[in-house]
Amino acid sequence: MHNLGQTRSANRRDHLLHTPDAFVRTPLPGLTGGLAIVHIAPHLGAAFTMMTLEFAPKGTLIQSATQRFLYVLEGELHLHEPGKAIPHTLTPGGYAYFPTGYPHTLTALAPSRVVVIDKPFLPLDPLYLNDPAASPDPWFLLGREPEVAPLPLNDDPGLQVRHLLPDSHVFDFAINTLAYDPGASLSQVEIHHMEHGLLMLEGGGIYRLGESWYPTSAGDVIWMAPFCPQWFGAIGKNPAKYLIYKDFNRHTLG
Ligand code: UGY
Ligand code: MN
């Protein structure tokens with residue numbers, strides 16, 4: 001249904017709010033039986049791509065040219081690794097990380113939705129390896145968000161963070177979930193050099209981005225450029241939760 005040219009989405013120099021009323025679906029190479037909604041891409045000024053893939057049963061996805069993180073929102077999928085006879089089964093809350101060039105095939109067993117983040121890897125200078133014999137490369141991993149132990153953010157028990165990737169400098173980005181009790185908020189306006197890609201998973205609230213305050217709810221995606229002023233409050237009576245990407249563990253000058 002058209003909405004007389006109106007949308008909740010906003011595209012500004014230092015942020016993008018991408019709301020479902022403005023989503024456009026597109027085919028992509030490597031994706032069969034499915035369509036992609038590309039939310040965030042280098043064209044915006046981002047150093048990564050974030051998209052939602054929507055699969056029909058039997059739809060498939062193969063690896064891209066970059067490292068990849070994926071998170072299942074809905075449905076059920078098989079993840080095939082080459083040389084392994086038994087696939088992994090991924091369900092909502094399940095996630096996977098693939099280093100650059102790690103071959104994989106994802107096959108939907110049911111209608112499914114998956115968030116995918118692709119990013120060219122920035123190698124870690126061996127100077128920074130704690131153990132010089134350790135590998136400078138990140139490794140394939142699978143996990144389940146509900147099984148990751150939550151930690152209070154800045155000692156606030158009403159705001160719990162889960163780190164989905166290992167605490168190791170070889171990873172050049174972080175993926176976390178932040179779960180807010182009703183009424184909880186970030187303790188400060190953040191301004192930092194890392195950029196963010198965010199998907200609101202549950203509930204909603206008010207997001208400050210730059211000099212604007214936006215009502216935000218489940219299904220919305222946000223890009224925050226480096227140094228974009230940001231703050232969130234889970235306004236209302238329901239908890240809120242989002243999945244958030246940030247570039248991490250690298251010096252700004254390489
Ligand atoms: O990790 C972060 O920078 C996070 N606290 N930012 C945010 O939620 N906007
Ligand atoms: Mn932040």
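Computed from the coordinates by the stated procedures, all read-outs in this text should not be read as laboratory data. None of the values given here were measured: they were computed from a predicted structure. In this analysis, Cβ positions are derived from the backbone assuming ideal geometry, glycine residues included, and neighbour counts consider all displayed protein chains.
Structure data summary
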quantity: Convex hull (Cα only) mean projected area of the stretch 1-61, reported in nm² to one decimal; calculated: 5.2 nm²
quantity: Loop GluC sites (Glu not before Pro), the stretch 162-254 (other Cβ atoms within 10 Å of the site Cβ: 10 or fewer; DSSP); calculated: Glu211
quantity: Average projected area [Cα convex hull, the stretch 65-168], square nanometres; calculated: 8.8 nm²
quantity: Range of Cα positions in the stretch 28-76 per principal axis (Å), largest first; calculated: 34, 20, 16
quantity: 3J(HN,Hα) from dihedral phi, the stretch 207-224, Karplus parametrisation 6.51/-1.76/1.60, rounded to Hz, x for glycine, proline; calculated: 9, 8, 9, x, 9, 10, 10, 10, x, 9, 9, 3, x, 6, 10, 10, 10, 10
quantity: Cα-centred dipole magnitude for the stretch 10-119, charges only on beta-carbon of K, R (+1) and D, E (-1), debye, nearest 20; calculated: 160 debye
quantity: Sorted by Cβ density within 10 Å, fewest first, the residues Met50, Met200; calculated: Met200, Met50
quantity: Table column - 3J(HN,Hα) (Hz), the stretch 13-28, Karplus curve with 6.51, -1.76, 1.60, x for Gly and Pro; calculated: 4, 10, 6, 10, 9, 10, 9, x, 5, 10, 5, 10, 9, 9, x, 9
quantity: Nonlocal amide H pairs with Phe173, under 5 Å, H built at 1.01 Å; calculated: Phe248
quantity: Radius ratio Rg over Rh of the chain, counting only Cα atoms, Kirkwood formula for Rh; calculated: 0.95
quantity: Contour minus Cα-Cα distance for Trp231 and Thr66 (0.36 nm per residue); calculated: 56.3 nm
quantity: Over the stretch 10-119, equivalent-ellipsoid semi-axes from the Cα gyration tensor in Å; calculated: 25, 16, 11
quantity: Whole-Hz couplings from phi, Karplus 6.51/-1.76/1.60, listed for the stretch 143-153; x for Gly and Pro; calculated: x, 10, 3, x, 8, 7, 5, x, 10, x, 8
quantity: Charge dipole magnitude, Cβ of K and R +1, D and E -1 - the stretch 175-254, Cα centre, debye nearest 20; calculated: 80 debye
quantity: Dimensions in Å of the stretch 145-247 - Rg and Dmax from alpha carbons; calculated: 13.0, 40
quantity: Rough spin-label spacing in nm, given labels placed 7 Å along Cα→Cβ, for Thr89 and Ser187; calculated: 4.2 nm
quantity: At most 14 other Cβ within 10 Å, DSSP loop - trypsin sites (Lys or Arg not before Pro), the stretch 3-99; calculated: Arg13, Arg25, Lys84
